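Read through the structure below, which is laid out as structure tokens, and then see the notes.
The values are calculated or read from the model by the stated rules, or taken from the named source; none is laboratory data. The structure displayed is predicted, hence computed values, not measured ones. Every residue, glycine as well, gets a Cβ built from its backbone with ideal geometry; the counts of neighbours run over all protein chains shown.
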Amino acid sequence: MSPRNTPNIRAVPRTRQQGVVLLVALIVLVAMTLAGIGIMRSVDTGTLVAGNIGFRQAAVATGDTGIEAARTWLIANAASLNGDQTAQGYYATRQDSLDLTGNKTEGGTDGVDWDGSEASQPVKAKNAGALDGSGNTVYYLIHRLCSITGSINGPGQSCATASIAGMGSSQDAPDYSGYALKLKNQVYYRVTARVNGPKNTVSYVQAVILL
């Protein structure tokens, strides 16, 4: 018998694993992790910013309440506004050089003692307390827009005023055309309210009142 022909079988060399897929997967995983962390930080920052805006808006609304409280005090004390009433945060002059917010000359003595913590400041604001349920504390300061204390018609006085028609009667006038209504001068008052709120929120609101 002739020998059986056996097939010529070659040994196929085994290729080594390079690990490229694993490396790519790790890189993608790291990128996804960093993206997730970035999204979380972005959401946290957005929430913080929204909260701060909410605190500021609440403080501004409370500042309007402080302006109204100062206006009520002015009307109630209209007969005694020719001189300073420092305990009530009222000053009968403009105090043009006053640094209301304390940013112009930090550490100087031309600012305002808003909350009682800066006793060196000569001008004292009125602590109106918490005027609503928002947890904000209101302080206000009133300035009569005049150059000096005393009557608005006094010598050397210069005030920001507006003339309005006063009440009168034409009973004693010969005719309506010959009767002139009396004029009354009203003075402008500048009211500055500061609100201290949660998380060190500080807001200033200012209004001018004619009285």
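Listed values, structure above:
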{"quantity": "Unmet criterion (only one of (1) part of a helix (DSSP H, G or I); (2) at pLDDT 70 or above) for Asn82", "calculated": "(1)"}
{"quantity": "Yes/no for Gly89 being closer than 24 Å to Leu211 by Cα and in contact (Cβ under 8 Å) with a residue 12 or more places away in the chain", "calculated": "yes"}
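Let's see how each residue does on (1) β-branched (Val, Ile, Thr); (2) surrounded by fewer than 15 Cβ atoms within 10 Å (Cβ to Cβ); (3) modelled with pLDDT under 95:
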| position | (1), (2), (3) |
| --- | --- |
| Trp73 | no, no, no |
| Ala78 | no, yes, yes |
| Tyr90 | no, no, no |
| Ser97 | no, yes, yes |
| Leu100 | no, no, yes |
| Asp113 | no, no, yes |
| Cys146 | no, no, no |
